[in-house]
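Okay, so here's the structure we're looking at.
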Amino acid sequence: MKIAHVNDIAHVPATLAEGLRLRGHTVELFRLKLMGGKLPTWAKVLMLPWRGGEMRSVNRELRAGGFDVVHIHFAYLGWAGILGRYPYVLHCHGTDVRRNLNRFYQRPFIARSLQQAAQVFFSTPDLAEHILPVRPDAVWLPNPTNTDRFCPNGEQAFLSRQDADSTPVPNTARPPRVLFISALSRIKGVERAFQMIDLLQKQMPEAEIVVMGFGDQLPRYRNWPGINVLDRVPYEAMPSLIQSNDVVVGQLRLGIISMSEQEAMACGKPIVGEFRYPEVYDEPPPILTGDTAEELTGQVIRLLNDENARQAAGHRAREWAVKHHDYRLVAGLLESYYESNTHLGAKGERRGSHAQ
């Protein structure tokens, strides 16, 4: 098949493209600029002429490309397919439905985008409650992780692509190090994360604490004493960053496994966090949890103090990530959906819609 993936969210489309190519498909990824994407809604409205021009340009390429499948990422962007009058697969990733579908002025547009899609996927199980009332046939597709790139001690093959000053390198003589890998955002549980950081600093002051330098709460927390706030880390440098830490703390509010946590698990690092959807797997992920910040902090300290327990937890995390989220596995699942969907095979002509 010749497949187009439109827009790149959290490197999911790019990783799906890698897996599909390994299965013999031709895949093109159309990365969108989406001018004004970080601006408030009123400012985005002012950007519509530029956004519309970008979508018209992409639609011309899609129609000329003779694609068997057009797979669009981010819920409202299904309007590219509606306006371009071609069948499309729509993939939802989080905020696009968790927040936007519940805003009265956005809901009609996003609902139609979902209804007109030939197939709808969502990336994490918490999104089901938002999407299924609009598209009862929507399918959870596990996020893919490139377990060749993200693997224990496997980052060295990628270090040559990075400037040495920008890529963290493990140091066996260093103090214990904890990476809080989620964005500094309310939706990721940043308040609880910093409750943990406060406890860690009091109970294990020798530990180094690393946080990601982005998110809506960055201005509030960037000057917290005694932490290392990173600049944005290129995707290619993430394996090395993960490997340079001993324990990884994930999101603490949504109860899901985000891409960054999957990547850390694939690197063989123990994960402390929150997970509330064990029923979607045949075996629950080996995430170390707790009901309170004190319990979560206790999990981190126990791992830092016990190398054998830390290594065993990391080994279990790696095995689980490979079994459930390897990009070749997820690409195979996606391929089967493409092949079974009679609304696809468009190549510029609409064969029908799934409007409800």
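The values are calculated or read from the model by the stated rules, or taken from the named source; none is laboratory data. Being a predicted model, the structure only gives us computed values, none of them experimental. Cβ atoms come from the backbone with ideal geometry, glycine included; neighbour counts cover every protein chain shown. Just the protein is used for accessible areas: all its heavy atoms, side chains included, with ligands, DNA and RNA removed. Shrake-Rupley method; radii C 1.70, N 1.55, O 1.52, S 1.80 Å.
Which of the residues spanning the range 164-179 are at pLDDT 95 or above, under 23 Å from the mean Cα position of the chain (by Cα) and farther than 12 Å from Thr297 by Cα? Break it down into steps so the answer makes sense when it comes.
Our first condition is that a residue be at pLDDT 95 or above; within the range 164-179, this holds for 176-179.
Keeping just the survivors that are under 23 Å from the mean Cα position of the chain (by Cα) gives 178-179.
Leu179 - this is the single residue of the range 164-179 that is at pLDDT 95 or above, under 23 Å from the mean Cα position of the chain (by Cα) and farther than 12 Å from Thr297 by Cα.
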Which residue is nearest to Ala313 (Cα to Cα), if the candidates are limited to the range 127-142 and must be open to solvent by 10 Å² or more (accessible area, probe 1.4 Å) and not aliphatic (A, V, I, L, M)?
Pro142
Taking the condition without any contact (Cβ under 8 Å) to a residue 24 or more places away in the chain and under 20 Å from Arg253 (Cα atoms), does Asp96 pass?
yes
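Confirm whether Ile72 is in a strand (DSSP E or B) and touching a residue at least 12 places away in the same chain (Cβ under 8 Å).
Working: in a strand (DSSP E or B): yes; touching a residue at least 12 places away in the same chain (Cβ under 8 Å): yes.
For Ile72, the condition - in a strand (DSSP E or B) and touching a residue at least 12 places away in the same chain (Cβ under 8 Å) - is met.
Residue by residue, here is whether (1) outside any helix (DSSP H, G or I); (2) of a type in the set (Asp, Glu); (3) out of contact with any Phe, Trp or Tyr (no Cβ under 8 Å at 6 or more places or on another chain); (4) at pLDDT 95 or above holds:
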residue: Glu191; (1), (2), (3), (4): no, yes, yes, yes
residue: Phe194; (1), (2), (3), (4): no, no, no, yes
residue: Leu200; (1), (2), (3), (4): no, no, yes, yes
residue: Val210; (1), (2), (3), (4): yes, no, no, yes
residue: Asp216; (1), (2), (3), (4): yes, yes, yes, no
Taking interchain pairs and intrachain pairs at least six residues apart, which have beta carbon atoms under 9 angstrom, with the first residue in the range 189-209 and touching a residue at least 40 places away in the same chain (Cβ under 8 Å) and open to solvent by 70 Å² or more (accessible area, probe 1.4 Å) and the second assigned to a helix (DSSP H, G or I) and not hydroxyl-bearing (Ser, Thr, Tyr)?
Gln195/Ala293; Gln195/Glu294; Gln195/Leu296; Gln203/Gly298; Gln203/Ile301
Kindly indicate whether any position in the range 44-66 is outside any strand (DSSP E or B), among the basic types (Lys, Arg), surrounded by 14 or more Cβ atoms within 10 Å (Cβ to Cβ) and modelled with pLDDT under 55.
yes
Answer residue from the range 269-290, given it is within 12 Å of His324 (Cβ to Cβ) and touching a Phe, Trp or Tyr at 6+ places or on another chain (Cβ under 9 Å) and is surrounded by the fewest Cβ atoms within 10 Å (Cβ to Cβ) among those:
Glu283
Scan of the range 291-325 for residues that are touching a helix residue (DSSP H, G or I) at 6+ places or on another chain (Cβ under 8 Å), buried (at least 18 other Cβ atoms within 10 Å of the Cβ) and either modelled with pLDDT under 95 or closer than 30 Å to Leu22 by Cα (or both), ordered by number
Ala317, Arg318, Trp320, Ala321, His325
